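A short write-up of the structure that comes next.
The values are calculated or read from the model by the stated rules, or taken from the named source; none is laboratory data. From a predicted model like this one, the values you see are computed outputs, not experimental measurements. Cβ coordinates were reconstructed from backbone atoms using ideal geometry, including for glycine residues, and neighbour counts include every protein chain displayed. Side chains included, ligands, DNA and RNA excluded: accessible areas come from the protein's heavy atoms. Shrake-Rupley method; radii C 1.70, N 1.55, O 1.52, S 1.80 Å.
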Amino acid sequence: MAIHTDPYAARSDEIVDRRRQIDRAIAALEAEKAELCGQHVELLLAEIRPGADGYEAAERSMFAEVSAELHITRAASARALGTGWSLRDRFPATLAALRAGRSRHGTSR
């Protein structure tokens, strides 16, 4: 934060700094939600392998369960679960950056 003698500029900097803090906190919560979605998919995969008989029905059931419990559409639950699994399984550095409230390349949000 820059040091200002002008009250407007000083307050403006305070507001921007606080918004930046809030953005980092929201990013950390979004990372936690993604991790939990990944864990939910992991539960399914521990029960039944993709391609096995009954997998598609089990997957649809998981989407329906999540959408009903969270009051979101089935499509939204499928996206959230897929994104959570991908971040956890394929993009852990991106998930870590989100958890820390920064971009993948290390800059603050």
Among ALA52, LEU29, PHE63, whose Cα projects farthest towards the positive end of the dipole of the chain, with charges put on the beta-carbon of Lys, Arg (+1) and Asp, Glu (-1)?
LEU29
Over its Cα atoms, what ratio of radius of gyration to 2.2 N^0.38 Å does segment 1-46 give?
1.99
Kyte-Doolittle mean at least -1.0 and Cα extent at least 24 Å along the axis: which DSSP H helices of the chain qualify?
7-47
Tell me, what is the 1.4 Å probe accessible area of PHE63, in Å² to the nearest 10?
30
Between GLN39 and TYR55, with labels modelled 7 Å along Cα→Cβ, what's the label distance in nm to one decimal, could you check?
2.5
Along each principal axis of its Cα atoms, how long is the chain end to end? Whole angstroms, biggest number first, please.
70, 29, 15
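Return the carbon/sulfur percentage of the accessible area of the chain, one whole number, probe 1.4 Å, all protein chains in place.
54
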Ranked order, TYR55, TYR8 - accessible area, probe 1.4 Å, largest first
TYR8, TYR55
Leaving out ligands and nucleic acids, note down the accessible area per residue over segment 16-65 with a 1.4 angstrom probe, in whole Å².
70
Taking a ≥ b ≥ c as the square roots of the Cα gyration tensor eigenvalues, with a/c under 1.5 meaning rounded and otherwise prolate when a/b beats b/c or oblate if not, segment 31-89 comes out oblate
Charges on Cβ only, +1 for Lys and Arg, -1 for Asp and Glu, centred on the Cα centroid of the chain; of GLN39, GLY82, TYR8, which one is farthest towards the dipole's positive end?
TYR8
For the pair GLU14 and ILE48, the simple spin-label estimate (label points 7 Å beyond Cα toward Cβ) gives in nm 5.7
